[in-house]
1. Given the criteria at pLDDT below 75 and surrounded by 15 or more Cβ atoms within 10 Å (Cβ to Cβ), does T17 qualify?
2. Go through the range 100-141 and report how many residues are part of a loop (DSSP other than H, G, I, E, B) and either at pLDDT 95 or above or closer than 29 Å to K59 by Cβ (or both).
3. State which residue pairs qualify: first residue part of a helix (DSSP H, G or I) and inside the range 46-68, second residue of a type in the set (S, T, N, Q) in any location, beta carbons under 6 Å apart, and separation of 6 or more residues or different chains.
4. Find all pairs meeting these conditions: Cβ atoms under 8 angstrom apart; at least six residues apart or on different chains; first residue within the range 69-94 and among the β-branched types (V, I, T); second residue open to solvent by less than 30 Å² (accessible area, probe 1.4 Å) and not in a helix (DSSP H, G or I).
5. Which is open to solvent by less than 50 Å² (accessible area, probe 1.4 Å) and within 15 Å of the chain's Cα centre (by Cα), of I56, I24?
Amino acid sequence: MARPRKPVDLMLLEGKTHLTKAEIEQRRKEELKVPFTDVSPPDYLPEKLKIEFMEIAEKLLTLKIMTELDEDTLARYILSKQQYLQFTSLLNKAMRENRLSEMERLSRLQDKAHNQCRSGATDLGLTVTSRLRLVIPETEPPKENKFLRKFGDGAG
């Protein structure tokens, strides 16, 4: 299976490119450019969750890592988070009342919702490790060439 191509600007920032200027321009023209605007919560989300959707979406849009294509992923993350919180609440109540058979069932449901929630959070860059993979490395200023400073660039 072929490795996905890195965006050419990321390759240039990393300083790991063997491409000519013409190849760089060609790659830039071929890269997919998706607009980062017009994100809105899906209709199937309850009003309370639409507010949370927009709060998270605004943050992701600011980072320029969300598009309209990610709306459903964010909605599923929010729904799974809500389920996790509901199952946690029911599990805590069952634990206080010492209902062992219900605790086991609720614990499985809570775990399933947690895994769905975590998976969605990772997809969206909402976890520390997934965000670290999204960060474009900063370029360092070139080191001063002492030879050129002393002897010039040889031109002239």
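1. yes
2. 9
3. none
4. Within 8 Å, the pairs are I78/L45.
5. It is I56.
The values are calculated or read from the model by the stated rules, or taken from the named source; none is laboratory data. Quick caveat, the model's predicted, so the values are computed rather than measured. Every residue, glycine as well, gets a Cβ built from its backbone with ideal geometry; the counts of neighbours run over all protein chains shown. Please note that ligands, DNA and RNA were not included when accessible areas were found on the heavy atoms of the full protein model with its side chains. Shrake-Rupley method; radii C 1.70, N 1.55, O 1.52, S 1.80 Å.
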